[in-house]
Amino acid sequence: MTRNFATLLAVNLALGVFFGSMQVSVSAFADVHHAASAAGLLYGLMSAASLLAGLAYGRHRRHTPPAAQLPLILTFLACASLLPLLANSPWQLGLALLLPGAGVAPCIIVSSTLIESVTDRSVLTQAFTWTNSASAAGIAVSAAAVGRLVDGPGGPRAGFIVPFLALSATAALTWSSRHALTTGDTASGQTPSTGSGRPRG
């Protein structure tokens, strides 16, 4: 497994943490404010923002390499994930979820593009399986951990800190790896298939 692929694996793990912790925190916030039935709508607003941002991202041609875009998007997503901490009512939370939602689809698009660029074609399907599994693991672990966290003294606000921490750490990782990601392992022929079928360096 190459360092580049490990970086992208960490990105997908962090995205999973974002999804899992946001789902639990939004539900807990709505429940605390006696609006449990609004939790689905609130999370739907974030998903709608992601959808629109993905469409907008796909319509514009960019000259910046994906490896340079990824740390910028992750930094934006990390900062935007702090906005729910400022919300004092369900409608304020709905507005606060729009910006983090807008960063999700572009992050997934750029991450997927980079996975293709650093992985040998013979193991590309397995590479995406690994990253999807990382996302699923992030969702499961963070949902369980944040579920316990929001039941504590910090309440839902404590849960909203988790995606910020995960995304900040991953943003820092991608900033340090952006030059290697720009080059791409496949350009130097460093990702041939192994006997186990995993991406390797």
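Throughout, read-outs are computed from the coordinates displayed, never taken from laboratory work. As the structure is a computational prediction, the values presented were derived from the model and not from experiment. Note that each Cβ is placed from the backbone with ideal geometry, even for glycine, and that neighbours are counted across all protein chains shown.
When the Cα centres of segment 68-83 and segment 113-179 are compared, how far apart do they sit, in Å?
After rounding, the separation between the Cα centres reads 13 Å.
Could you tell me how many degrees, from 0 to 90 and to the nearest 10, lie between the Cα long axis of helix 155-183 and the main elongation axis, the longest principal axis, of the Cα atoms of the chain?
Between helix and principal axis, roughly 20 degrees.
Using helices alone, what [θ] at 222 nm do you get for the chain, with -39,500 (n - 2.57) per DSSP H run of 4 or more residues, divided over all residues and rounded to the nearest 500?
Mean residue ellipticity, 222 nm, calculated: -26000 deg cm²/dmol.
Would you mind ranking Asp31, Asp151, Asp120 so that the residue whose beta carbon has the fewest other beta carbons within 10 Å leads the list?
Asp151, Asp31, Asp120
Compute the long axis of helix 124-150 from its Cα atoms, compare it with the longest principal axis of the Cα atoms of the chain, and write down the angle in degrees, 0 to 90, nearest 10.
Tilt of helix 124-150: around 20 degrees.
Could you put Arg157, Arg121 in order, starting from the residue whose Cβ has the fewest other Cβ atoms within 10 Å?
Arg121, Arg157
Scan segment 1-64 for trypsin sites (Lys or Arg not before Pro) in coil per DSSP, keeping those whose Cβ has at most 14 other Cβ atoms within 10 Å, and list them by number.
Listed in order of number, the matching sites are Arg61, Arg62.
Compare the Cα positions of Gln23, Leu52, Met1 along the charge dipole of the chain (+1 at Cβ of Lys, Arg; -1 at Cβ of Asp, Glu; about the Cα centre) and return the one farthest towards the positive end.
Met1
For the Cα atoms of the chain, what angle does the longest principal axis make with the long axis of helix 66-80, in degrees from 0 to 90, nearest 10?
The angle comes out at about 10 degrees.
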